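Engineer: So that we are looking at the same thing, I have put the structure below in structure tokens.
Please treat every number below as a calculation from the coordinates, not as lab data. Computed from a predicted model, the values in this text were never measured in an experiment. Please note: Cβ atoms are built from the backbone with ideal geometry, for glycine as well, and neighbour counts cover all protein chains shown.
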Amino acid sequence: NPWVTGGESAELALALWVMGESDRGLEVLQSIQHLRDPETGLYWTGYVFDDEAIWPVELTAWTAGSLLLAVAALGGHEATCAVFSGDRLPKGLDPDCCTRV
């Protein structure tokens with residue numbers, strides 16, 4: 001059945017931000033606000049449209065973490081933007097560093 005997940009939607013929003021499509025990323029985050037539990041402020045893992053039901057019925061740390069990262073990046077949080085843009089990350093190993101002799 002067609003369904004949506006909060007965590008994967010947040011990951012998509014973050015990927016769109018990295019690609020320079022912040023407006024689309026924001027639209028994705030806005031489209032999943034129906035997953036937010038009004039009592040706790042946490043986000044349900046998923047929603048099945050045909051059944052009009054939250055499923056699975058769980059409020060996971062993974063979903064919360066994905067949303068926090070996406071909101072931080074789209075909101076311009078400096079440390080989050082630095083990590084996900086990759087601009088200030090170390091370069092890594094030279095591809096020729098491990099050639100066999």
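Engineer: Less than 12 Å Cβ to Cβ from Trp3, Lys/Arg counted +1 and Asp/Glu -1: what total charge do the surrounding residues give?
Structural biologist: -4
Engineer: If you don't mind, there's one more thing I want to ask. What number, rounded to the nearest 500 deg cm²/dmol, is the helix-based mean residue ellipticity at 222 nm of the chain, given -39500 (n - 2.57) per DSSP H run of at least four residues and division by all its residues?
Structural biologist: After summing the helix terms and dividing by the residues of the chain, the value is -13500 deg cm²/dmol.
Engineer: Would you mind working out the magnitude of the charge dipole of the chain relative to its Cα centre, with +1 at each Lys and Arg C-beta and -1 at each Asp and Glu C-beta, to the nearest 20 Debye?
Structural biologist: Here the chain has a charge dipole of around 440 debye.
Engineer: Which whole-number value in Å³ per residue fits the convex hull of the alpha carbons of the range 1-47?
Structural biologist: About 71 Å³ per residue, rounded to a whole number.
Engineer: Can you tell me the relative contact order of the chain? Whole percent, Cα pairs under 8 Å, sequence separation 6 or more.
Structural biologist: Taking the mean separation of contacting Cα pairs over the length of the chain, I get 28 percent.
Engineer: May I pose another question? Work out from phi, with θ = phi - 60° and the Karplus expression 6.51 cos²θ - 1.76 cosθ + 1.60, the ³J(HN,Hα) of each residue of the range 48-54, listed in order in whole Hz, and give x for Gly and Pro.
Structural biologist: 9, 5, 4, 8, 6, 9, 6
Engineer: If you don't mind, another one. From Cα coordinates alone, what are the radius of gyration and Dmax values for the range 42-91 in angstrom?
Structural biologist: Cα only, the range 42-91: 15.2, 48 Å (Rg, Dmax).
Engineer: Still on this structure, please answer the following. Please check: in the Gaussian network model of the chain (C-alpha springs, under 10 Å), which one of Pro56, Pro90, Pro38 has the largest mean-square fluctuation.
Structural biologist: Result: Pro90 has the largest fluctuation of those listed.
Engineer: Stretch Ala61-Asp23 to full length: gain in nm at 0.36 nm per residue minus the Cα-Cα span?
Structural biologist: Extending this stretch completely gives an extra 11.1 nm.
Engineer: Suppose we take every Cα in the chain and form the convex hull; what volume per residue is that in Å³?
Structural biologist: 151 Å³
Engineer: Still on this structure, I have one more. Relative to the longest principal axis of the C-alpha atoms of the chain, give the angle of the C-alpha long axis of helix 22-31, reported between 0 and 90° and rounded to the nearest 10°.
Structural biologist: In the chain, helix 22-31 runs at an angle near 30 degrees to the longest axis.
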